[in-house]
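For reference, the structure discussed in these notes is given below.
The values are calculated or read from the model by the stated rules, or taken from the named source; none is laboratory data. Being a predicted model, the structure only gives us computed values, none of them experimental. With ideal geometry, Cβ positions are generated from the backbone for all residues, glycine too; neighbour counts draw on all protein chains shown.
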Amino acid sequence: MVVMSPEETLRMKLEALLNEHKRLNDAVDAASNGGGFVSLEVQRMKKRKLVLKDEITKLRDKLTPDIIA
């Protein structure tokens, strides 16, 4: 069994969130180009993208060391 450090776990979660955000971004772009999505679906995708962006920002903050300037 491989044990990952907390930092490695955060990096893997960050990568997964970034991938999901990109996938949703592509889906929203396709919808705005006449992809056949219902407006409500697009709104839900955009809301999920915002939630993901917040989670990504929080994870990046955790992974970036505090530097006192």
Quiz item: Restricting the first residue to the range 28-57 and requiring it to be hydroxyl-bearing (Ser, Thr, Tyr), which pairs with a second residue that is assigned to a helix (DSSP H, G or I) meet a Cβ separation below 9 Å and a spacing of at least six or different chains?
Solution: Ser32/Val42; Ser39/Ala31
Practice problem: Kindly indicate whether any position in the range 41-61 is modelled with pLDDT under 90 and assigned to a helix (DSSP H, G or I). | Solution: yes
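Taking the stated definitions as given, is Val2 of a type in the set (Val, Ile, Thr) and either in contact with a Lys or Arg (Cβ under 8 Å, 6 or more places away or on another chain) or on the phi > 0 side of the Ramachandran plot (or both)? Break it down into steps so the answer makes sense when it comes.
On the way: of a type in the set (Val, Ile, Thr): yes; either in contact with a Lys or Arg (Cβ under 8 Å, 6 or more places away or on another chain) or on the phi > 0 side of the Ramachandran plot (or both): no.
No; evaluated as a whole, the condition is false for this residue.
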Practice problem: Enumerate the pairs (first residue in the range 1-26 and free of Cβ contacts under 8 Å to residues at least 24 places away in the same chain; second residue anywhere and surrounded by 11 or more Cβ atoms within 10 Å (Cβ to Cβ) and part of a loop (DSSP other than H, G, I, E, B)) with beta-carbon separation below 8 Å, excluding pairs fewer than 6 apart on the same chain, so at least 6 apart or on different chains. | Solution: none
Exercise. Please specify each residue of the range 24-52 satisfying the condition of being basic (Lys, Arg) and loosely packed, with under 13 Cβ neighbours inside 10 Å.
Key: Lys47
Self-check item: Residue list for the range 1-23, filter: exposed (fewer than 13 other Cβ atoms within 10 Å of the Cβ), in a helix (DSSP H, G or I) and among the hydrophobic types (A, V, I, L, M, F, W, C)
Solution: Met12, Ala16
